[in-house]
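Bear in mind these aren't lab numbers, they're just calculated from the coordinates by the rules spelled out. Small disclaimer: the values here were computed from a predicted structure and weren't measured. A quick note on method: Cβ atoms are made from the backbone with ideal geometry, for glycine too, and the neighbour counts reach across all protein chains shown.
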Amino acid sequence: MDAQEVQEEQRRLSLPVAALVGVLALAAALGAGHLVAAFVGYAASPFVAVATFVIDHSPQALVKWAERTLGTADKLVLKIGLGVVLVLFALAAGQLSRRRPLAGQVLVVLLGAAGIAAVYVRTDLGQLALLAPVAALVAGLAAFTGLHRLAPPVPPRSYDGESRRKFLVTGVGVAAGAGVAGLGGQLIGTSTNAEGSREAIGPLVPARTAPPIPPDADFAKLGTPPFLTPAADFYRIDTALVVPQLRSEKWRLRIHGMVDRELTFSYADIRSRPLVERLVTLTCVSNEVGGPLISTGRFLGVDLAGLLRGAGVRPGAEQLAATSADGWTCGTPIGAALDPARGAMLAIGLNGEPLPVEHGFPARIVIPGLYGYVSATKWVTDLEVTTWDARQAYWLGRGWAREAPIKTESRIDTPGGFARVTAGRLRVAGTAWAQHTGITKVEVRLDQGPWRETTLSAEVNRDTWRMWWAELDVPPGSHQVFVRATDRSGYTQTEARADPVPDGATGWHSVTLDAR
């Protein structure tokens, strides 16, 4: 063993220095990957790709827990959690390489391979997108190896001041380069931001307007939501870790499969057709009993059935398979899409404006009466007429039902659960829905007392929710208030509790009160 080999054998990095080497290598990898992704596909950024892979392959029980516990913050928590995991890997790479860099280099390669695999399996990215995780791997490995070679050992022995300065300068350079690359990738990747395209759309004027909303369509003054949900408050549940940025002038919708003729529409094609306006209440299948994942909007677009008839749907077709710009897929019964009485839409507007970017701009599917996972594809770019056996949509492979009509449900909006109220006359108010069937009656009861019919708001149409209110005599003490709804078919919602999986939750909503 020569002198150099002996020196390398005896060389050892301190814990802080080794940790710094690992963290700086991680920063270099993420920055380089994010920068290259700006040119080959924003979703190819290794961090984004791995996080999306986690979303797509998480156990159903974990997905349900996240939606129930975290709500719309689930994606932010995922990003933070993934960041923590990556930092721990970086620290481990540094600590395992205090004498020699090999163990850390192996970990860097493994993380890089995970990023490459996560991009490779995405159906919405081309092969060129692999350049982003490859760049991340090369940058991370180079930074780790170079910094490890320059890092000061303990004890310092012959490590002079010039060498120390060289390590510090290189470390600062790697950190700065990573920051610039990451920021550059963010700026370049969002330079095609869809918001500017959306703002340039201008007014959308319907050829057929929805009937006016009567003044007593809600009881907002009594504690219910407003009949129309503001776009900023509209619930959002999807798998998109990064909101797709599609400019209207570049957007295209392809209709193909079991059709007589394949059609492709531009945004201008859709906008030039007679636009129809419809009031529709959308509901997420993940909504728990009494949950908030329901909103009502004034949607503007064209009849989906008209587009499909133009393509000529062939006999034997069973589903309309929709694909969004980020690769998410949705399967809708073809009968629901073609039924003129249902009013399925390719929507381009919400509440008098172009669709918000996070709600599907430039275009989305809206099919009344079906839960969103089979009817409400956002950022839609592809519609394939096919059979159930030929294609399996995203959520069907995860245990959810193939056909998902929205169930008759109701909830109490006020007072809230565990509220302290004044004993005596108490006003309760809430919401009920049975889209595409309609609500005819809502009842409430106190504890195990008799059911009492409530006052209903004006019915706008059978595809939207109805508000209700009632007054109850509440004696002092702890009590429960229950609610149930009856729809136009005569069905009264069941008391039996069922989880959202596989086709929507059931059960009576109730709140517990403390009357004094």
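The table for this structure:
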{"read-out": "Per-selection Rg to Rh, the range 3-189 - Cα, Kirkwood hydrodynamic radius", "value": "1.05"}
{"read-out": "Rounded tilt (10° steps) of 102-120 against the dominant C-alpha axis of the chain", "value": "30 degrees"}
{"read-out": "Hydrodynamic radius by Kirkwood, which averages 1/r over all alpha carbon pairs of the chain, in angstrom", "value": "26.0 Å"}
{"read-out": "More than 11 Å apart - percent of Cα-Cα pairs taken over the range 364-416", "value": "78 percent"}
{"read-out": "Gap separating the Cα centres of the range 206-244 and the range 339-408, nearest whole Å", "value": "17 Å"}
{"read-out": "Tilt relative to the chain, helix 74-95 - C-alpha long axis, 0 to 90 degrees, to 10", "value": "20 degrees"}
{"read-out": "Where the Cα pairs of the range 263-355 fall when distances are cut into 5 Å bins, in %", "value": "3, 11, 18, 22, 24, 14, 6, 2, 1"}
{"read-out": "Helix axis angle, 60-70 relative to the chain longest principal axis, alpha carbon, degrees", "value": "80 degrees"}
{"read-out": "Dipole of the chain [Lys/Arg +1, Asp/Glu -1 at C-beta], most positive-end residue of Val511, Val460, Leu130", "value": "Leu130"}
{"read-out": "P(r) weight above 18 Å for the range 324-389, C-alpha pairs, percent", "value": "36 percent"}
{"read-out": "Cα extents of the range 220-398 along the three principal axes, largest first (Å)", "value": "53, 37, 35"}
{"read-out": "Ordering of 366-375, 128-137, 499-508 by packing [mean C-beta count within 10 Å, highest first]", "value": "366-375, 128-137, 499-508"}
{"read-out": "Distance in nm between pseudo-label sites at Glu495 and Glu195 (7 Å out along the Cβ direction from Cα)", "value": "5.1 nm"}
{"read-out": "Neighbour-count ranking [beta-carbon atoms within 10 angstrom, fewest first] of Met345, Met258", "value": "Met258, Met345"}
{"read-out": "Environment charge at Ala18 (Cβ cut-off 11 Å; Lys +1, Arg +1, Asp -1, Glu -1)", "value": "+3"}
{"read-out": "Theoretical ellipticity at 222 nm over the chain - DSSP helices of four or more residues, -39500 (n - 2.57) apiece, nearest 500", "value": "-11000 deg cm²/dmol"}
{"read-out": "Principal axis dimensions, largest first and in whole angstrom, of the range 126-228 by Cα", "value": "85, 40, 23"}
{"read-out": "Inter-site label distance for Val84 and Ala207 at 7 Å from Cα along Cβ, in nm", "value": "5.5 nm"}
{"read-out": "Interatomic Cα distance distribution for the range 409-515, bins of 5 angstrom, percent", "value": "3, 13, 23, 24, 18, 11, 6, 2, 0"}
{"read-out": "Simple spin-label estimate for Arg273 and Phe418 in nanometres, 7 Å along Cα-Cβ", "value": "5.0 nm"}
{"read-out": "Debye log10 I(q)/I(0) at q = 0.11, 0.13, 0.14, 0.17 Å⁻¹ for the range 71-137, Cα point scatterers", "value": "-0.36, -0.49, -0.55, -0.75"}
